[in-house]
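Asker: Please read through the structure below; I'll follow up with questions.
Since every read-out is calculated from the coordinates, none of them should be taken as a lab result. As the structure is a computational prediction, the values presented were derived from the model and not from experiment. Because the Cβ atoms are built from the backbone with ideal geometry, glycine has one as well, and the counts that use them run over all protein chains shown.
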Amino acid sequence: MSDSAPHPWNHPRLSRRAAVQAGAIGMLGLGMNHVAALRAAEQAAATAAVSPAAVSPAAAKLAAASSASSANPGGPSGIRAGSARACVYIFLSGGLSQHESFDPKPDAPADVRGEFQPIATKTPGLRIGEYLPGLAQRSNEWAVVRSLTHPTNDHTAGHYYMLTGRSVPSPGFRGDRQPRPSDWPSIASLIADALPARNHNLPPAIVLPERLVHWSGGVIPGAYGGQMGAKRDPFFVEASPYGDPFWRGAYPEFTFPNQSKKPPLKADDRVYQAPSITLGPGMTFDRLRGRTDLLKSLDDQRRELERSALVQRYDEHRQSAISLLTAPGIRHALDVTRADESTQERYGKNSFGWSLLMAFRLVQLGVNLVQVNLGNNETWDTHGEIFHRLRDKLLPPTDRALGAFMDDLRASGLFDSTLIVMASEFGRTPKLSLLPDAYEKAGRDHWGAVQSVFFAGGGVRGGQAVGASDRLGAYPAASPQRPENMAATIYHALGIPATAAWHDDTNRPHALYYGSPIAELL
């Protein structure tokens with residue numbers, strides 16, 4: 001059995017390990033936000049170790065066919081699949097309304113078309129919602145797929161489908177806001193495993209500025225390693241501490257209460273800040289290296305005694321923390337609220353702007369995949385007051401920040417090598433409706449049948465709409481696409497061959513591709 005695989009008959013001995021790990025945290029001088037991550041990993045590993053039904057596969061590299069293709073990235077034809085080197089996946093949790101954004105229906109009945117007017121873009125014949133003027137002026141650089149569809153109107157399942165690129169539930173999926181080892185791996189985890197690291201001081205996949213946690217406290221599944229194992233979870237940069245879950249929007253400039261008739265009793269008190277990964281008092285990088293050597297010595301002494309999944313997962317967190325601590329430029333990349341005034345004005349002094357600025361800096365540093373959650377869980381869930389919320393609270397900071405992000409990628413020469421994808425877990429219903437107990441004015445409900453997905457950079461042919469919805473914006477009318485096709489488009493753009501696979505701990509191969517790339521985009 002390899003050194004990297006835990007012996008299946010071992011059970012974790014928690015008390016001694018907990019003491020050793022607590023000491024390790026103190027020696028490194030890491031911030032308290034890492035203690036929570038380590039405790040979470042410990043609890044998950046302990047559960048997996050004692051549960052006979054738990055699945056704990058170890059992630060592997062590409063399959064032999066994929067490895068061969070790495071030297072010849074296009075496979076048999078010798079043509080590289082794509083030119084992108086990084087992907088930024090912008091996720092709008094809650095469900096962006098297609099009618100008010102990228103697929104307006106001005107000729108539909110009033111209770112479908114809504115209040116917004118479509119505006120012309122730089123691309124002749126392509127019209128979008130009036131509160132995306134910055135993107136309208138950059139339309140030659142992006143494309144929209146207006147016909148993505150999947151079979152659920154449920155938030156949790158919709159997140160799961162769109163974050164994993166699989167529109168069928170995995171065995172054991174319950175939709176109960178609980179990530180499980182049997183879940184499909186996330187797109188982020190698959191990309192991190194499939195592509196060689198471009199910066200070995202940084203995790204290959206990072207999610208920011210927070211995990212997607214439901215207001216009830218449950219964690220939304222789909223963003224994790226799942227069947228690949230917890231050590232293939234993306235690294236979470238948690239710069240957005242949780243406040244009252246019923247406040248939404250791009251705080252502090254654009255916050256709003258979830259319900260108008262039952263608002264929270266106090267204002268949102270969250271503060272956007274770089275995560276605490278600074279050195280402790282009196283700690284220097286030389287001393288850090290010395291203490292890292294000491295930790296290595298301790299690890300050598302306990303390796304044979306404490307070979308378990310728990311130790312492996314702890315090591316992943318520790319190594320990621322050390323890498324982030326010592327990587328050149330990482331403090332600058334994360335500490336976005338101290339950017340110069342002109343930069344903050346371009347992006348917006350709010351959580352949306354700071355998050356996309358952080359994503360830009362991480363792409364500059366060589367991170368392969370950055371997932372940016374614009375808003376906490378269900379921020380875009382506009383069941384009521386949809387026009388006020390989109391006009392005043394959601395679309396303006398998104399338009400501004402995304403435009404600045406695209407401009408900086410272009411100016412730095414990274415636009416053509418960075419794929420941008422922006423999607424939600426689903427779209428919104430074609431007809432407006434009112435929930436009178438919660439809201440003063442109308443909104444739209446959940447709608448998995450169709451949504452619009454934004455693509456830019458990374459070889460995407462801009463200035464076009466791919467596919468179409470019907471006259472009400474209810475169902476695909478041309479070129480229907482599924483989450484599997486969206487994921488395949490991302491993999492293809494990044495040069496991951498269709499033969500790529502990852503292997504579980506029994507050496508069984510598992511495919512990445514479950515659909516075909518959207519041909520019109522690339």
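Asker: Which of the three applies to the stretch 88-163, rounded, prolate or oblate, going by the alpha-carbon gyration tensor with a ≥ b ≥ c and a/c under 1.5 meaning rounded? Each step should come with its number before you reach the end.
Answerer: Values: a/c = 2.32, a/b = 1.37, b/c = 1.69.
Taking the square roots of the gyration eigenvalues as a ≥ b ≥ c, the stretch 88-163 is oblate.
Asker: How much FRET efficiency would the formula 1/(1 + (r/R0)^6) give for residue 182 and residue 507, where r is the Cβ-Cβ distance and R0 is 22 Å, rounded to 0.05?
Answerer: Working: r = 19 Å, r/R0 = 0.85.
In this case the efficiency is close to 0.75.
Asker: Please give the contour-minus-distance gain from residue 470 to residue 137: 0.36 nm per residue of separation, less the Cα-Cα distance, rounded to one decimal in nm. Working shown, then result.
Answerer: Values: separation 333, 0.36 × 333 = 119.88 nm, distance 2.58 nm.
So the chain would gain 117.3 nm between residue 470 and residue 137.
Asker: What number does the stretch 366-522 give for Rg over Rh if you use C-alpha atoms and the Kirkwood radius? Show your work: numbers first, answer last.
Answerer: On the way: Rg = 18.3 Å, Rh = 18.0 Å.
Rg divided by Rh gives 1.01.
Asker: Computed FRET efficiency, Cβ-Cβ of residue 271 and residue 343, R0 25 Å: what is it to the nearest 0.05?
Answerer: With a Förster radius of 25 Å, E is 0.80.
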